[in-house]
Every structure is written in structure tokens, then in C-alpha cells.
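Here the structure is laid out as C-alpha cells; the discussion comes afterwards.
Only the coordinates and a few stated rules stand behind these numbers; no lab work does. No experiment lies behind these values; they were computed from the predicted model shown. FYI the Cβ positions are ideal-geometry reconstructions off the backbone, even for glycines, and counts take in every protein chain you see.
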Amino acid sequence: MSPAPTSRTRSFWDDAVVYQLYVRSFADSDGDGVGDLGGVIRRLDHIAGLGAGAIWLNPCYPSPQADHGYDIADYRGVNPEYGDLGTFDRLVAEAHARGLRILMDLVPNHCSERHPWFAAALAAGPGSPERARFVFRDGRGDGPPNNWQSVFGGPAWTRVTEPDGTPGQWYLHLFAREQPDFDWRHPAVLAEFDDILRFWFDRGVDGFRIDVCHGLIKDAALRDWDGGGYNAYSWNRPEVHEIFRRWRALAEGYERDLLLVGEVWVPDPADLDDYLRPDELHQAFSFDLLVQPWEAGALRGAAERAVARTAVHGAPAAWTLANHDVHRAVTRYGIVRPEAPPESNDAFAALMRPRGEVDVERGERRARAALLLLLALPGSVFLYQGEELGLPEVLDLPDAARQDPVFHRSGGREKGRDGCRVPLPWSATGPAFGFSTGTPWLPQPDWFAGYAAEAQDETSTLALHRRAIRTRRELGLGEPGPVEWLGTGDDAVLAFRRGAVVCVVNTGTTDFTPPAGWGEPVLHSAEPGVVTPDAAAWLRAVDRG
């Protein structure tokens, strides 16, 4: 049985809107075609103007960029392409001056093959203390130690050449071969990450989004996987919770609010409960909502499950509909003729990156409606950069331009994640649509001009984001409190009450007229009055005295 939630003081993440910022693709200040921290500083007013209260920076540490920052060579520095620690400190100061908190991305499951520890492990040889910090094992004959597969495609093991030139041991990498997994049973790994957390907290960082929370601990015997989808020997092992208890205690040793929010992909959303115990993570992403189809019952079910989790643990939900690993919401919601997904080692790939013919206009309507659904729910909301512009996924990048290891390791069967990482368009004209004076690291399509931030008017998706976030704050919609589901008489329409406000979402094909007793329109994603198909509205009861 899960413990009852403990009473606690209010924290900034109870109802924050957090802007997820993919540094490489946000804004470039030096003309090399790669986004950087200087560019972030220049565009901070865009984020503050949205009404966000915090920024989550995707990894900006020194890295060879085999997986664009998720292969870290130095956890206490800044990638020279992005700036240096002085630039980072200036970003923190400038953000804090605007009331924006800064969250960093912690990547504890694996590092870069160029991390000094891994270089030392290769040089030291089998049985050495240096190798004990990673998962090195002898093979089975000429094959790997077990049959585990990499999320990015192919085996999860790579064989090394020993210092004497002979074929040697194998090391585990649940992702790319350039990303060796740490052995989190080793005390040196625990101590190292304690120090990394303190390093950034001491520089003024306000928390961490923690990558692959569910993967840090592996089955001690490294047993073979049965091949049936989710590998329970490599993911979601019970011992992982000891790590998060340790980090929670460390964070609470500081006299300010520090957030630990986890990326936890589990087959049963109920498995999130253990990560949200009062002495573990403050939050974990509610991906359940992100992967649902555009159906009222499915969306309601995911929201109900997450709200129930909050009621048990007191941990506010962390809602999101997009991030750097999934197809953009406009594209996901716009698929009209789904295609069978390619074979993949990633159990969630088909849900995160579905394929098929896309009706962009339909996707835009649904994404706007989904925004109002998202912002009406209690908890914090994470918005991925470019979603506020209504950007669709760039599906037709040339193969020669693609850089995602998912694409290359799958032999091109999976197109990967480059399409949601294309640099943002800030202006409709000029070089790189205002992103850079140089050539962007991923090519931008010509149609990006129509989505440029500076070209969006009062009817645009950007304007809707600004109005919705402001209105959410004014009405207290994100604050803790009950969600009362209302009957609509239509299975394609969901509605719920939050205090004096009712949120209505129409996933059907006919108009829906809300009962007069639900109140008068406050905000709508399409047109005032009736809630048209693929639209949403907020209504507020009026006290007529």
C-alpha cells in the first residue's frame, strides 16, 4: 500500500509552466548554425512573455554530440559550442531576474565514451577498479553476455579491444554504443553524482529533470530478456529507489525549493507510484496523457489516473504533450491514415512517433484544444519549444541531413527524432528565419516562414498560448484541488470542473452546446459559443448577485 501524502508547504512546481528548451535548436548568437546559451539569453523575454515560470535546459554539458548532449564527457562544464560556465552563470542570473527558475537535465544512466572514467576503464583492463564503475562482462563464447537490445537499435553490448590488442570484454549500453552505462551498484558512482548535484545547486540551479530514471539499476544476474516488449531486467528495478531517496535528502539539505522531476517510462502508469513516495522524486512526467489517441474516453482516463496518483502521494502531476523525443502534437493529432510502425527495440516508439498521412489543419485544431485541456488540469505543465508556434513535425528531412542515432542504428527504418529538433523560426524572412546568421545544423523547410514567432497575430497559436497561460494563472487552474468530471451526454465530449471553471473538449464530429449552468465562455481554442469538433473551451460560472 502506498503511504499517505504528507502535508508540505507550497512549492513553485505545484502549478508551474515549464518551458523545455533544446539549446541546440533555440537561438544562435554567434552565427555557427548551432543554438547556444547566448542565444537563450537574447530570447528570454519570449519565454517570460509566454507566462512560463521555469526553463528546463536539455543537456548543455561538454559532449561529442553522438546523441546531441545525452552523451556527456564532463558533468561539471558547458559544451564550448554553447558557451562556458561564465555564460551559464549569466543565464541563471538573467532568468532569475525575470522570475524564471532554471532546471538542468541530469543524465545518470550513461555517459560518453569520451568521459575520463570510460577512457580509464578501457586502458585498465578486465577486473580493474576502473571497469567496475561500468557494466563490463565477459561474453558467452564469441557473443555478448546476454540478449539485451539497445533502445536505438541493435545489441545493447559492444566488445572492446583490450590493451594488449586482443578481443576482450563487452560493455553495456542501453542506448548508443557511444553511451556506456554506469554500474549504479558501485559506491563511486553514487558519490560522483552526489557531487555533481551539489556543483550545480551551488551555482543557483533550481532543480533537475532526470533522464531515464527507470534504467539506472540492472538485474544483478543480467538474465536474458524473453523478447516480449518491455525488458523488466533492464528497466524499473526496485533497487533504483534507493538512489532517489539519497538525492531527495541531498536536495532538502538546501534552504530553497529544489525540484527533482523524473522521466519514467513504465508499461503500467501505476508503476509511477513508487517513484513519487514522499522521500523520492517530487514529480514524474505523466506520459500516459501524451500517448493517448484523440478520443475523449482515452484522454479522460489518462487524466483521471494521474490525478488519482496526486491524491495518493501529494505529488503534483507533471503534464506534457510533447518533448525532444516525440513527434510534435500537431502531427500526432493530425494523422488520418495510420501506418504500421517499423520494428523497434523501443517499446514506446510507436506511441511517441506514430506514422501515417497527416492532415496538418486537423492536427493544429486538435493541438490547440489539447492545450486548453492540459492547462486546466492541476499540476505543472511542461511545454516543448516550438509547440507554442504550432509547429508540425518536419517529416521529410533528407536522409543525408539526419543525425539522430535512432535513424542510423535502425538502418533508416525509424526516422528518429530530428524532425522535432529542427531550429526554431523567429522571423518569416532573413537567414535561417532569424535562428542564426549561419547555416542551421538541421535544415529548416521553407514552410517554417508561416510559423515564425514574429509573424504570428492575435488569432495564432502563439497568442492562444499567451492568453491561456495568463488566464490559467488568474483563475488558479493549475493549483492543487479536485477535478469533478461532468456528464455530457456525448461519448466524444469530455468536461470537468475546476472550482468555478469548466473545461470542455470536443473530440467528435458534431458541435456541442454546453449547458447554460456551466457558465459563460472565458477562453476558446476555435470559436466562441458552441464547442465545435476538435475544439475546447473554458467556461466560468458568473455570480449575478
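Give, as a single signed number, the net charge of other residues whose beta carbon lies under 13 Å from the beta carbon of GLY487, with Lys and Arg counted +1 and Asp and Glu -1. Computed value for this residue: -1.
Taking other Cβ atoms within 10 Å as a rough exposure proxy, GLU458, GLU304, GLU255 sort from fewest to most as GLU255, GLU458, GLU304. Could you tell me what % of all Cα pairs in the chain have separations over 40 Å? When every Cα pair of the chain is considered, 22 percent fall beyond 40 Å. Summing +1 for each Lys or Arg and -1 for each Asp or Glu among the other residues whose beta-carbon sits under 14 angstrom from that of GLY33 gives -3.
Take the Cα of THR166, step 7 Å toward its Cβ, do the same at VAL530, and the gap between the two points is 8.0 nm. A straight chain from ALA516 to TRP485 at 0.36 nm per residue would run longer than the Cα-Cα distance by 9.5 nm. Gyration tensor over the Cα atoms of the range 190-251: the corresponding equivalent ellipsoid has semi-axes (square roots of 5 times the eigenvalues, largest first) of 29, 12, 9 Å.
Each part gets one Cα centre, and for the range 324-397 versus the range 58-124 those centres are 28 Å apart. The equivalent ellipsoid of the range 234-301 has semi-axes of 27, 15, 8 Å, largest first, where each one is the square root of 5 times an eigenvalue of the Cα gyration tensor. For the chain, the longest principal axis of the alpha carbon atoms and the long axis of helix 240-251 meet at an angle near 70°.
Label-to-label distance for ASP271 and GLU458 is 5.0 nm, based on points extended 7 Å past Cα in the beta-carbon direction.
Counting only alpha carbon atoms, the long axis of helix 296-313 and the longest principal axis of the chain meet at about 70°.
When the alpha carbon gyration tensor of the range 77-161 is reduced to an equivalent ellipsoid, the three semi-axes, largest first, read 38, 16, 10 Å.
Annotation: amide H-H contacts under 5 Å for ARG355 (H modelled 1.01 Å from N, sequence separation of 5 or more, or interchain): GLU339. Between the range 432-477 and the range 211-249, what is the separation of their alpha carbon centroids in Å? Using only Cα atoms to place each centre, the spacing works out to 38 Å.
Over all projection directions, the Cα-based convex hull of the range 121-240 averages an area of 8.7 nm².
Over the range 1-151, the Kirkwood radius and the radius of gyration, each from Cα atoms, give a ratio Rg/Rh of 1.10. Amide hydrogen proximity for ALA526: with H placed 1.01 Å from N in the peptide plane, the residues at 5 or more positions away or on another chain lying under 5 Å are ALA536. Taking the helices alone, the chain has a mean residue ellipticity at 222 nm of -7000 deg cm²/dmol, built from -39,500 (n - 2.57) per DSSP H run of at least 4 residues and averaged over all its residues. Percent of Cα pairs in the range 482-540 per distance bin of 10 Å, from zero to the largest separation: 27, 61, 12.
Each residue in MET104, MET352 was given a count of other beta-carbon atoms within 10 angstrom of its own, and listing them fewest first yields MET352, MET104.
Put simply, the amide H of GLN20, placed in the peptide plane, has neighbours under 5 Å in TRP56, LEU383, TYR384, GLN385, leaving out anything fewer than 5 places away on its chain. So how tilted is helix 187-201 from the main axis of the chain? Cα-based, degrees 0 to 90, rounded to 10. For helix 187-201, the angle is close to 40 degrees. Here the convex hull built on the C-alpha positions of the range 116-172 has a volume of 86 cubic angstrom per residue. Counting neighbouring Cβ atoms within 10 Å and putting the fewest first, the residues HIS241, HIS313 line up as HIS241, HIS313.
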